[in-house]
Every structure is written in C-alpha cells, then in structure tokens.
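Worksheet: the structure to be examined is printed underneath.
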Amino acid sequence: MSWSLARKVSAALVAILLCTGLLTAVFGYYKFEDVLSSLVRSRYSFVVFTIKKNIEDRLNLGLALRQLRQIQETIELEKVRDDQILGIEIYDARGEVLFNTDRGGIGVSVPAKWLEPLAQPSSQPFSLMDDDMQLVGLPLVNNLGKVEGAVVLRFPSAFIDRELGPLLSRVAVELLAALGLFSVIALVASYVVLGSVGRRLRAMERTLATVLAEGGDAEPDPTDEGGFESRYAEFVAKTREAVEHIAESTQEVERLDRLA
Amino acid sequence: MIRRDFLAGLGGLGAVAAWPSGLAAQPAKPPRPYRIYMALFRGWEEAAQGFKDYFTNQGIPVELIIRDCAQDKSKLPGFVAEAKEMKVDLVFTWGTTVTQEMLGTFDKVDPAKHITDIPAVFAIVSQPVGAKVVPNLLSSGRNITGTSYLVPMETQVNLLRSYLPVKRLGMVYNPLERNSLVAIDELRELGTAQDFEVIVAPVDVVEGKPVAASIPGKVASLKESGVGFLYIPPDTFLNVNRDILTQAALDQQLPTFAAAENPVVTSKALIGGVYRYYTVGQLTAYKAEQILVHNKPPQDIAIDAPKRLSIILNMPVVRALGVYPPMNLLSLAEVIDGPGGKP
Amino acid sequence: MRLDRSRPLLVRLFVLAILILVPPVAMITFRALGEFERGMVPELDKKAAAIGRDITAQVERAVELGIPIDHLVGVDEFFRPVLMANPELRYLAISAPDGRVLFVTGAPSADLEPHYREAGQATNLTIGDFLDLALPVQSKGERVAAVHVGFDQGYIASRLSDIFYDIAVVLVASLIVAFEILLFVVFFNVTGPMKLVGLVVDRARRGDFSHVAGGLSGDEVGHFVRTLSTTIRRADDQYRSLMAYIDEVRAAHFDKSVVERVAEIADRVKFLYRFAESGRPAVLRERLATDIRLPLFLFVFAEEMGRAFMPLYAREFGQSTGLFTTEMLMALPITMFMVGITVASPWAGSVIARLGTRRVFLTGLIPAAGGYFLTAFADSVVQLIVLRIVSGLGYALVTVACQTYISRATLEGKRAQGLGIYVGAVLTASICGTAMGGVLAERVGFDATFVVSAVLAAISGWLVHRLLDPGAEGGKAADDGDGSASDKSLFSLFANWRFTALLLFAAVPAKMALTGFLFFLVPVILWRAEMSLPEIGRTIVLYPLIMAILSAVSARISDLTGWRTGLVAIGGLIGGLGLLLPLPQLGLEPSMAVALAIIALGVSHGLSASPQLALVPDLCWIECHTFGRTRVLALVRTVERLGSIVGPVLAAAFIPIWGLTGAVVALGGVVLVLSVIFVVCSFAFGSGLHLVAEEDGE
C-alpha cells in the first residue's frame, strides 16, 4: 500500500485525535469517579458517624459494647434503607465481630488490617479499599477515652460503575461518534490541503514528460520568480536540451561511423 | 494515589478525646485470675459495681476480695494486714478515708502500717492532692494510681453557660462547709475571666447549725438581685435539703445547676454535670488493667477523671421553667423524664 | 505555495490540527460535565436524606421531650457544623406545617417561605439552584414540622470544574505534539526531499546530471522524486550508450579523422554536460536537522514527566538515614542525575566520533529508558539515586548525539538555526512533559508515570531506528580549530579572567537556581501549600514558557546590539532578586511568591541564556582558535553543570536551618551575590581587548 501525503498527515492527525480523546475521557472518568466516590464515602461516613454516636452515648451510660443489643436493630435498619450497603459490622478492640448485619458473621474475627486504625492514638475515621469493596469506619471510644472497637460499613467499589453504566456508555458513544466524525473531517481536510501539493507535483511530472516527449517549454508560475518552479522549468529545458544534444551527438557519431 | 482530602463528610459534632489505646499487647491469659482486694467505705455501690463490671466486660478474669469497713476507720489496719497476708495482686480503695488510712499520704508512708509493695488504685477521693494522697495528678511517685471524680469547675460553668449564657450566677451555701467556700472562690475566679458575676447567699446559722427553713428566702433574694442561674455546690447540707432548695428555685422560675447527681435525678434541679460513680469505677478498673495486664508501673499512670461528662437533664423541670436546652446540649444529655427517672 | 519551503504548508496543517482537535474535545467535555452533574443528583439526594434523617431524629426527640417546635434553642449552632462538614449542603431549615420557616441556617428565610407555603406536604422541591428535601417531623402521630435539607447542584459543577485545567493541559500538550509530528511529517516527507530535489534540479539546470535525489517514500513527493530520477537516469543511460558507442568507434575505427571527430563530439558533450564518473548517477542524500527533532522531543518529554514530582517521589521512600537528612535524600536524585550527565557528556563526544550519532542515540536510550522503567519499581531511595545516575548517563548520550547530529546537519547553513531546532524541541518538550507528568501522576500515580516515560523514550528510539538512515551518517564533522592541544592546557582557559568570571558568576548561579529552586524546592513547597500535582506541573511550566518567549527576543537583541554582557548581568540580577520574593517580610502567599519567583527565573534565563553562550567566543577568541570552539563550549557546559549539581544539595542543606521558603531566599542570596560580582566584573570587560565574534550566529 502506498502512503500518500494526505494519508500520512491524516493518519497522524487521527492518531493524535484518538489519543487526546482517550486521554481526556480517561481523566474525565477518573475525576468523575473521584468526586462521586468521595460523595458516596462521605455519605456512608455520615451513616457510620450516627451509629458511632448512638453507640457511644450508650457506652457513656456504662454499658459494655457487647451488651448493646439494640445496635443490631439499628444497623439492620440502616442496611435496609440502602441496598448498596454490603454490610455494617461492629467489632471490639480484639477484632471479634459483636454485631453484624449478616448475623452469621457475628463472633468471627475481622482481618488484621481492620485493627490497625484502632492502634492510632487519634481515633480518626478510616477508610480501606479492596479490589471489589470499600470500607469506611470509625473507632468507638468509651467515656474512659479508650478505644472499645470500631464500626465499619462496607460497600462495593464497583457500584459507581454499575449505577452509572448507562450514563457512561452514553457519553462513551458520543465521544466515539465525535472522534469518528472528526477523523473523517481530518481525512477529507488533509486531502484538500495536501491535494494541491500532489496536483502541483503531478503537473510538473506531466510537464517533464510532455516536454521530453514532444518538445515545448515548461511554463513556470509567473508569480514564482526565481522560485522552485522557474528553476524547475530551467531544469526541464536543460534536460530536454541535454537529451536532444546527446541524441544528436549519437546520430552524428553514427553518421561518422557509417561514413567509413 | 496520594489523596489529601479524606473522609471530609463527618459532622463536627461530639468531640472525641484521644487516648493511647491499650490494645497493643494482649498477653496470654494468666493461669489464675488476678486477685484484687477491694476496701470499701460505705458498702457496695455504683463505683464498685463499675469497677467489677469492667473486668467482666473486658473478659479479664479477676477474683475480688470485698471488704467493707462500714464507715468505721478502726477496721482499716486489719484490712491492710489481711491484704498483705493474702498476697493479692492489687488493692482498690474507696474514698478519701480508706485511701489515706491504707495507703498513707505521700509524705508519711509507713511500710508497717500501709500497703507499699502491692500496687493500689484509689477511687472517689475528692481532692487527691489536697488530701496528700499524691503530690500531683501526673504521677503519684509511688506504687499507686487512681481516679478523680469531681468535675472541674470550669467544665461545669461552661456547661451551665452553654445552656443559658447568664451574666449573674447565684449560689446558696452552707458557710460551715469548706467545699462550698472552695466552690465560691473558684466560681469568682472564673467569673473574672469569663465576665460573669457571682452572687452568694449563705444560709442562716443558728447555734452552729444551718437552718433549712432559711433556704427559700435566700433563693428569693438571689432572684431579686437579678441572678439568672442557681449553682448548687457539692454540699452535704444542701444535698440533704435538695428538695427544699430546688422547689424554691422552681417557684422563683430560677434554673438550677447541680454539681452532683442527686439534686437532678431525685429532685428538681434543672441540669447536672457529673461523672457518674459507675463510670469512675470503670475508669479505675481500666487503670488496674494497665497495671495488672500490661505491667505498667502505677507511678507512670496519671490520675484523671473520665473523658466524658454525664450531662443529666430533668425534663419536667425544663418544661415547668420553659427554658429549653440548646439542641447540641440535648443531643449529648441523658434525660430524666417522668417518675421513672431514667431515660 | 512553494514546495521547498515548509512554512505555508505547516501553517495550514497546524490550523487544521487545531480545528480537528479542539472542537470534539470541547464539545464532549461540556456534554459529559452536564451528564455527570445529572448523574450525581441521586447520590446527593441520598446523602441529603441521610443527614436529614439524623437531624429529624434529634428534632423529634426534642419535641417528644416536650419542647415546643418553635421554641427549640441553639438550632443555628446545631446546624452550622453540619453545613461546615458537608459543603454540598447549602442550607438547613425547619418549617411549620403551614410553611412558615421556624429556623434556617445558610439561606434567608424569605427565599424559602413562599415555596414552602405553596408546596404543602411535598418532599422534593427545586428552589433556584437548590434542591430541597423535606422530611416530616412527627410527634404522637402528627406532623408538627418539617426538616429541610437544601443542597446545591452547582457544588458538583465546581467540584468537577478543575477537570477543565487537566483537559486544557492535555489539549495544549496534544496540540504541541501534533505540531511536532506535523513538523516532522512535513519535513521528512515534503521539505526534506524537495530540498534535495532542489539541489539536483539546480545542478541539472546547469548541465550537471551526476546526481539523483535519494528517498523512497511512496507518496506524491516520492513519486515525483522517482520521476525526476528516472528522467536523469534515462539521460545518463543515453549519455553512457553514446560514450560506449564513441569508445567503440574510437577503439575500432580505422579512419583517424573519424576517431578525432568522434573524440571531439565526446569532448563537447562532456564539456556541455556533466555526468557521473562511476557509471551511474550518485544518489544524493542529505540529513536534515529536523529529522532528529521529533525523537528528541519525545525523549525530553519523557524525562520532563518527572519534573513536577521528582523530590516528592524521593520523599515517599522516606526517612533520613544516618548520613543524610530527609531533605538531602529528596535532593540527591536530582543532583545525581546531573552528575550522570556531567560524567557522560565529555565522553559522549568521543563515542559519537567512533560510533556515529544514530548508534549513540540508540545506545543512550537503553540506560535512559531502562532507568525510567526501573524507577517505577524502585523501593528505596538508594535504588532511585542509582537509577537516576544511569538515566543521566543515557540522557547525556542521547542529547549530545542530537546536538552533534544537528550541528553536522546544519554545518553548511547557519548554526543558529540548528541551535534553534534543538532548543525549540527541548523547550516545547519541557512545557508538555512537565504539565502532562503532573496530570498523569495525579491520576495514575508516580510509578505508572515513569512507565509512560519509558514507553515514550522507547518510541523515540524506534523512530530513530526506523527513520534515520544508517548510511546517511556523514563523515566526521571537521572540528574548527586543530584540537591538538591537550586537555591539560585547556584549563589554561581559566587564566582568561573574563571567561572565568562569566562561568563562575553567571553560568554557575543560573544553573544553581534552576536545579536547586525550580527542580527541587518548588515541587516541595507547592506540595506543602496543598497544591495538587497538576497544579504544581502547571506552575513549573511557567519557566520554560517564559523562557521560550523571551529567549527568541533576547537572541535578537544580543545579535543586533552586541550588548551581551549587559543582558547576562541583568538576567542574573533578576533571577537572584526573584528568589528573594518568598521573604516573609514581603507578605506574599508562599505559592504566589514561588510562582512569581519562577516567572523571574524564566525572565532571567530567557534574557541571559543565549547571550551567555554567544559571549564565550567574544571573550576568548584566541582560545577558541587554539582549542576549537566545540571543546571550549564543552568546558563551559561541564563547569555549568557543577552548578546544577550543587544547587539541590545547597538548597537541601538550607532547609533545616531556614525552612523551605527560607531555603529559597538563601539560595536567592547566593545567586544574587554571585550575580552582583559578575555585574562588577562586567564593567571591566569593555576596558580590555575586545574582539568581535569570529562568526555570526550561535
């Protein structure tokens, strides 16, 4: 396949266009996901915070964490309210799950990394991320200032994609359509821009062929004084002259050769 | 990726104090329960219960040897000897008297008369420094630690003024009780700093005894001089006569703040800011856990009070006065409502 | 349109590129933002509901405790922290069943009341830009009030809006890349071959048919070149058959006069026309300086990607070891990279002489790209430092190869043009790379950004491998000067005090400020000022941007007026003073002060960089003759790089003493003092022997 100038240029333009489009889309998507997931996280943090307040108020009455039976109902209610929540768990400082929206999970031990935030001196909110789920949590502090455990809420990481799948695919289709359209425009436009170059070159080739075959002169563009075309015209003329001269010389030699 | 904004969405409610948590080391369970000698002053009550429940809740096996001197000081040397003989792991002392008698004051410790080798924790000592149990609250400098249970005056005043930012604070008191005199000094000092006025009215004293019947008149006089809130100090006489005092205040439409539970829980004071004995008992147990389970030397453990104040609101009084608590305070408070009392 | 000149064609193509790139990206960005904003609403709704529920529960508790709804106390203090913690919430309110606003925080009640009266029991309202969610407050089964949570749709837009900057950076970078690629395509496919054709045509129109143009591309230009070549070859064939015939006649013919006549014909033809001696026309090839521009651009792009965050990356590995402070460990990767360059550069010249530019470029790419790639997987600061040295070695080989290639390609023409190609590629790559690196690192992380760097470097290698004709490697360029003097005597240059002053008090401080301030302190300070990586990148880009604009201007001024010393002196002073801007006494915000200092540095170097280089032959005309100008300039570069090496180390040493901004000021002080010394020296420059530059340009 031969690559014409227009094809080369349009290929370059289309490649840049696609890269730009892709990069923009990727950045846009990540930014969007960022904003959205921080919104989601802050909502769940708020939910977790209200549960924490609820629990700590009771701890303040001197009740032990594992005695707070009503908390089980509270967290189940929260989970019913929002079906995106995978689960809410409350575990003590040793990592034993005391309450869990999944009742089967009560009594098991939480992963070690869920305990790490509790060892921090400042009982800050924490957030952990897995491949397929995210977690927000808050340490539970009793009125002695001691970390008694933590409440965590798990939600799926992918739910943003699920939730916004249609929206994203709509935007993606539009993006592809725009890229496609402008790729075609790039193709057409570069043929237009570079077509003149091609035509010019072909015209010069034709002139050369014509002049050499039939004689005559190349006619340079009069506006192009001293430019390439006038030099080319000289070249054509000179070439024709040379070819003719050599042909004449050859005939001359032949004549001399035959003379003998 | 590095994200600086992280969980921005938490309400700025409820300040949570920092505390180095003690869950770092959890050594293997001991072969036998820890033996704790509990020396009480007036029987089993909330602080002792809180102390005991803490171990139960934390799953720490303890054997409690409970001795009550029933307000009889003379039994205490016997307790000291018994504790030493039993070679208990820790001694718990309740109240200033028991603590002073069994552990000695820091400037007069006699290994013969006091417990020295066995670590000890004390609770319900109103002035640990004043009573010379410890030289300062950061460290006892010896083999003991403990808890304080009085709410600092500044905390009380802040709470009171967050309910109603009054300019004039009134106080009826028994001039014979030292506690009340101390409270007046502290209040006046804070008044200068925070720009409020303290107006006091001592109850009448006849033949060396305070007269309860003079209380309503004193309350009325305070009301007249423009007092906006009545402060009830931790005063034994007033505690006994709390119904007279709080009813008189209610009659005068005067809100009352109590430094102890009783006037709010069992009488008609509007609001109280206290550390519950139960909580104090738990905190004392927490310190005992540091010593027993985590082998922390008692002199390294500061003497302090629980982190979170119990705010008790008496709703019938609130309604009767029509002076309503701010929403933030309400959300933190325990509420006494109706004859049941408890929330 | 003239075919051997590229500008008109390039302008058209570049306009085309803008028309093709900007509209779709802009269109789709606006469309997507709109979609995203709508997509956020349900989530906002849920969050408002969660907050509303919590507030409602507390209000209900108060009401149940007997507090009349209109007598709630401290509602404002209750609402305010919630609003503070949740910036997307605009207001919180409580309304009576009749729509009266009892309490509101964050909005005037007059704006809300009419809507509430009208709406009655409805739970969702739109009030202006706000969505209002109402939750009923029940007491004893009766609706006594409603809690309203008002949230702001515009908030989402504002959160999303900083994506505009990212997209703008991507777009501008794309345009620059597009420009570079178009430049390359046009030069490689049109201008270059046409220039060769021009040479061939010029020869042929004077009767010289000994050369044809090389080039084998399949496009129109290639076709044209082949047509031309065919024509010339045909003429050549005819000439050759004529000559063969003549030879045959001369060898075989018995008639002397015929032989003579034939020889005359041969002489006439040879006199009139020139054909190749060797039997066929030679293929004329010429390297173009621009051929190397795109690979160079990509390569520098790759290196500059790390510019915005290199010290921050080093910091991630952490803590001070016994010998070095944390600051020093953050500075060392930058310094050691410079060490790598300094070590390899003098040596690169001799390697190029042996292996040729193409092979050195490709050889240099291996450590450079390998260094980037492995940096992504480095897990200690020592590894990072070693990798930076390796990358520095490669960087030196590649850039020196490019410089040599360009200078050989432009030997006949003007040198300044060649230098322009080099500087242009480096500056545009620096602009693109720094900005894109910041954006990319923010999104995909430091490690992945280094992988992208490695890929870019590899692409640049592939281009060189594919496109640079290995055969076109011209002979060794003649070095000016005889170059026979030994290296040792090269140091006698320092006896020329003007030269030494220029180096020590102008060239060295300039580089110190560049690496110590711009490369090291700026990322650290801006990060500390809570700027994001893309913002840091955009701020650093101010430097190459201003430099690019100014250096063209200053080169012209310096050539026109010959006022080179003055420009260098003024540039130095501006740079030094600029670094004093973060002085706390001036009361500027640290990030603002740093940005202004970067601008000052850009102005400084923009003014002084090219006059400084041009000043060298001015100041040591004789030495340039003895040692060769290339070697003198190489010495300048080496000494200059000592400044690059010292800069970050010096800055890192200042931090523990004076803090971050203090370090900037201290560095500025050092630069300023050195510059002032240069100013003083420069007054004496004119008093001695003054020689005009040996040749124009450079």
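The values are calculated or read from the model by the stated rules, or taken from the named source; none is laboratory data. Computed from a predicted model, the values in this text were never measured in an experiment. Don't worry about glycine lacking a Cβ; one is built from the backbone with ideal geometry, like all the others, and counts go over all protein chains shown.
Is it true that residue C:16 is more than 8 Å from every other protein chain (Cβ to nearest Cβ) and more than 30 Å from residue A:47 (Cβ to Cβ)?
Details: more than 8 Å from every other protein chain (Cβ to nearest Cβ): no; more than 30 Å from residue A:47 (Cβ to Cβ): yes.
When the stated conditions are applied, residue C:16 does not pass them.
Which residues, counting only those in the range A:2-14, are at the interface with chain C (Cβ under 8 Å from one of its Cβ atoms) and either farther than 21 Å from residue A:192 by Cβ or within 22 Å of the chain's Cα centre (by Cα) (or both)?
Within the range A:2-14, A:12, A:13 meet the criteria.
So for the range C:489-505 (the condition being in contact with a helix residue (DSSP H, G or I) (Cβ under 9 Å, 6 or more places away or on another chain) and at pLDDT 85 or above), does at least one residue qualify? Working first, answer last.
Initially, the range C:489-505 is screened for residues in contact with a helix residue (DSSP H, G or I) (Cβ under 9 Å, 6 or more places away or on another chain), giving C:489-494, C:496-505.
Next, only the ones that are at pLDDT 85 or above stay: C:505.
Looking through the range C:489-505, at least one residue is in contact with a helix residue (DSSP H, G or I) (Cβ under 9 Å, 6 or more places away or on another chain) and at pLDDT 85 or above.
Run down A:48, A:40, A:35 and say which single residue is out of contact with any Leu (no Cβ under 7 Å at 6 or more places or on another chain), within 11 Å of chain B (Cβ to nearest Cβ), closer than 18 Å to residue A:128 by Cα and not in a strand (DSSP E or B).
After applying the criteria, what remains is A:40.
Listed residues B:266, B:279, B:236; which is surrounded by fewer than 21 Cβ atoms within 10 Å (Cβ to Cβ), out of contact with any Phe, Trp or Tyr (no Cβ under 7 Å at 6 or more places or on another chain), closer than 30 Å to residue B:135 by Cα and more than 14 Å from chain C (Cβ to nearest Cβ)?
Working: B:266 fails: closer than 30 Å to residue B:135 by Cα; B:279 fails: surrounded by fewer than 21 Cβ atoms within 10 Å (Cβ to Cβ).
Just one listed residue meets the conditions, B:236.
What is the number of the single condition among (1) at pLDDT 90 or above; (2) surrounded by 21 or more Cβ atoms within 10 Å (Cβ to Cβ); (3) within 14 Å of chain A (Cβ to nearest Cβ) that residue C:440 does not meet?
Here residue C:440 meets the rest and fails (1).
Considering only residues that are of a type in the set (A, V, I, L, M, F, W, C) and surrounded by 14 or more Cβ atoms within 10 Å (Cβ to Cβ), look in the range A:160-175 and name the one that is farthest from residue A:41 (Cα to Cα). So that I can check it myself, show each step before the final result.
Pass one, the range A:160-175, residues of a type in the set (A, V, I, L, M, F, W, C): A:160, A:164, A:167-168, A:171-173, A:175.
Narrowing the set further to residues that are surrounded by 14 or more Cβ atoms within 10 Å (Cβ to Cβ) leaves A:160, A:164, A:167-168, A:171-172, A:175.
Working: A:160: 11, A:164: 16, A:167: 21, A:168: 20, A:171: 24, A:172: 26, A:175: 29 Å.
Going through the qualifying residues, I end up with A:175.
Can you find a residue in the range A:115-134 that is polar (S, T, N, Q), surrounded by 15 or more Cβ atoms within 10 Å (Cβ to Cβ), within 11 Å of chain B (Cβ to nearest Cβ) and farther than 30 Å from residue B:304 by Cβ?
Checked the range A:115-134: at least one residue is polar (S, T, N, Q), surrounded by 15 or more Cβ atoms within 10 Å (Cβ to Cβ), within 11 Å of chain B (Cβ to nearest Cβ) and farther than 30 Å from residue B:304 by Cβ.
Take residue A:218 and decide whether it is within 20 Å of residue C:230 (Cβ to Cβ), more than 8 Å from chain C (Cβ to nearest Cβ) and at pLDDT 80 or above. Please lay out each step first, then the result.
Numbers: within 20 Å of residue C:230 (Cβ to Cβ): yes; more than 8 Å from chain C (Cβ to nearest Cβ): yes; at pLDDT 80 or above: no.
Judged against the criteria, residue A:218 is not a match.
Exactly one of (1) farther than 16 Å from residue A:155 by Cα; (2) among the charged types (D, E, K, R); (3) assigned to a helix (DSSP H, G or I); (4) at pLDDT below 85 is unmet by residue A:94. Its number?
Here residue A:94 meets the rest and fails (3).
Would you be able to say whether some residue in the range C:609-621 is assigned by TED's automatic domain parsing to the domain that holds residue C:536, within 21 Å of the chain's Cα centre (by Cα), surrounded by 18 or more Cβ atoms within 10 Å (Cβ to Cβ) and within 26 Å of residue C:523 (Cα to Cα)? Even if it seems obvious, please write down each step before you answer.
Filtering the range C:609-621 for residues assigned by TED's automatic domain parsing to the domain that holds residue C:536 gives C:609-621.
With within 21 Å of the chain's Cα centre (by Cα) added as a condition, the list becomes C:609-610.
Now narrow it down to the ones that are surrounded by 18 or more Cβ atoms within 10 Å (Cβ to Cβ): C:609-610.
Then drop every residue that is not within 26 Å of residue C:523 (Cα to Cα), which leaves C:609.
Yes.
One line per residue, one yes/no per condition, for (1) buried (at least 23 other Cβ atoms within 10 Å of the Cβ); (2) in the same structural domain as residue B:160 (by TED's automatic domain parsing); (3) within 19 Å of the chain's Cα centre (by Cα); (4) at pLDDT below 90:
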{"position": "B:240", "(1), (2), (3), (4)": "no, yes, yes, yes"}
{"position": "B:253", "(1), (2), (3), (4)": "no, yes, no, no"}
{"position": "B:257", "(1), (2), (3), (4)": "yes, yes, yes, no"}
{"position": "B:270", "(1), (2), (3), (4)": "yes, yes, yes, no"}
{"position": "B:284", "(1), (2), (3), (4)": "yes, no, yes, no"}
{"position": "B:305", "(1), (2), (3), (4)": "no, no, yes, yes"}
{"position": "B:343", "(1), (2), (3), (4)": "no, no, no, yes"}
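Of all strands (runs of 3 or more DSSP E) completely enclosed by the range C:85-137, which ones contain at least 1 residues that are closer than 13 Å to residue C:52 by Cα?
Values: elements: C:89-95, C:101-105, C:124-127.
Here the list reads C:89-95, C:124-127.
Please go through the range C:157-166 and give me each residue that is facing chain A (nearest Cβ under 7 Å) and either crowded, with 24+ Cβ neighbours inside 10 Å or of a type in the set (Asp, Glu) (or both), ordered by number.
Start the filter on the range C:157-166 by keeping residues that are facing chain A (nearest Cβ under 7 Å), which leaves C:159-160, C:163, C:166.
The one that is facing chain A (nearest Cβ under 7 Å) and either crowded, with 24+ Cβ neighbours inside 10 Å or of a type in the set (Asp, Glu) (or both): C:166.
Within the set of pairs 6 or more residues apart or between chains, which connect a residue that is closer than 20 Å to residue B:255 by Cα inside the range B:164-179 to a residue that is aromatic (Phe, Trp, Tyr) and in a helix (DSSP H, G or I) with Cβ atoms less than 8 Å apart?
B:174/B:237
Return the only residue of C:276, C:282, C:302 being away from chain A (no Cβ under 14 Å), in contact (Cβ under 8 Å) with a residue 40 or more places away in the chain and either crowded, with 17+ Cβ neighbours inside 10 Å or under 30 Å from residue C:389 (Cβ atoms) (or both). Reasoning before the result, please.
Numbers: C:276 fails: away from chain A (no Cβ under 14 Å); C:282 fails: either crowded, with 17+ Cβ neighbours inside 10 Å or under 30 Å from residue C:389 (Cβ atoms) (or both).
It is C:302.
Considering every residue within the range B:50-68, establish whether at least one is at positive phi and of a type in the set (A, V, I, L, M, F, W, C).
Step one: filter the range B:50-68 for residues at positive phi, giving B:59.
Checking the rest, the ones that are also of a type in the set (A, V, I, L, M, F, W, C) come to none.
The answer is no; no qualifying residue exists.
Taking residue A:105 and the conditions (1) within 30 Å of residue A:35 (Cβ to Cβ); (2) more than 14 Å from chain B (Cβ to nearest Cβ); (3) of a type in the set (Gly, Ala, Ser), which numbered condition does it fall short on, given that it satisfies the others?
Condition not satisfied by residue A:105: (1).
This table checks each residue for (1) of a type in the set (A, V, I, L, M, F, W, C); (2) within 28 Å of residue B:181 (Cα to Cα); (3) at pLDDT below 90.
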residue	(1), (2), (3)
B:84	no, no, no
B:106	yes, yes, yes
B:112	yes, no, yes
B:137	yes, yes, yes
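Name the residue that is farthest from the other protein chains (Cβ to nearest Cβ), counting only residues in the range B:307-341 that are assigned to a loop (DSSP other than H, G, I, E, B), under 22 Å from the mean Cα position of the chain (by Cα) and at pLDDT below 85.
Step one: filter the range B:307-341 for residues assigned to a loop (DSSP other than H, G, I, E, B), giving B:307-309, B:322-325, B:333, B:338-340.
Add one more test, that the residue is under 22 Å from the mean Cα position of the chain (by Cα), and what stays is B:307-309, B:333.
Within this subset, residues satisfying the condition of being at pLDDT below 85 are B:307-309.
Details: B:307: 4, B:308: 4, B:309: 9 Å.
Ranking the qualifying residues of the range B:307-341, first place goes to B:309.
Among the numbered criteria (1) facing chain B (nearest Cβ under 7 Å); (2) over 24 Å from residue C:157 (Cβ atoms); (3) crowded, with 16+ Cβ neighbours inside 10 Å, which one does residue C:86 miss?
Among (1) facing chain B (nearest Cβ under 7 Å); (2) over 24 Å from residue C:157 (Cβ atoms); (3) crowded, with 16+ Cβ neighbours inside 10 Å, residue C:86 violates only (2).
Could you tell me which of the residues B:39, B:47, B:120 is hydrophobic (A, V, I, L, M, F, W, C), touching a strand residue (DSSP E or B) at 6+ places or on another chain (Cβ under 6 Å) and closer than 18 Å to residue B:141 by Cα? Before the answer, list the steps.
Values: B:39 fails: closer than 18 Å to residue B:141 by Cα; B:47 fails: closer than 18 Å to residue B:141 by Cα.
After applying the criteria, what remains is B:120.
Sort through C:401, C:376 and tell me the only one that's over 18 Å from residue C:293 (Cβ atoms), at pLDDT below 90 and among the small types (Gly, Ala, Ser).
Values: C:401 fails: over 18 Å from residue C:293 (Cβ atoms).
One residue alone meets the criteria, C:376.
Which residue pairs have Cβ atoms closer than 7 Å, lie 6 or more positions apart in sequence or on different chains, and pair a first residue in the range C:207-228 that is more than 7 Å from chain A (Cβ to nearest Cβ) with a second residue that is of a type in the set (Lys, Arg) and not in a helix (DSSP H, G or I)?
Within 7 Å, the pairs are C:208/C:274; C:210/C:274; C:214/C:285.
Could you say which residue among C:234, C:240, C:268 is over 25 Å from residue C:214 (Cβ atoms) and in the same structural domain as residue C:204 (by TED's automatic domain parsing)? Explain how you work it out, then say what you get.
Working: C:234 fails: over 25 Å from residue C:214 (Cβ atoms); C:240 fails: over 25 Å from residue C:214 (Cβ atoms).
So the residue among C:234, C:240, C:268 that is over 25 Å from residue C:214 (Cβ atoms) and in the same structural domain as residue C:204 (by TED's automatic domain parsing) is C:268.
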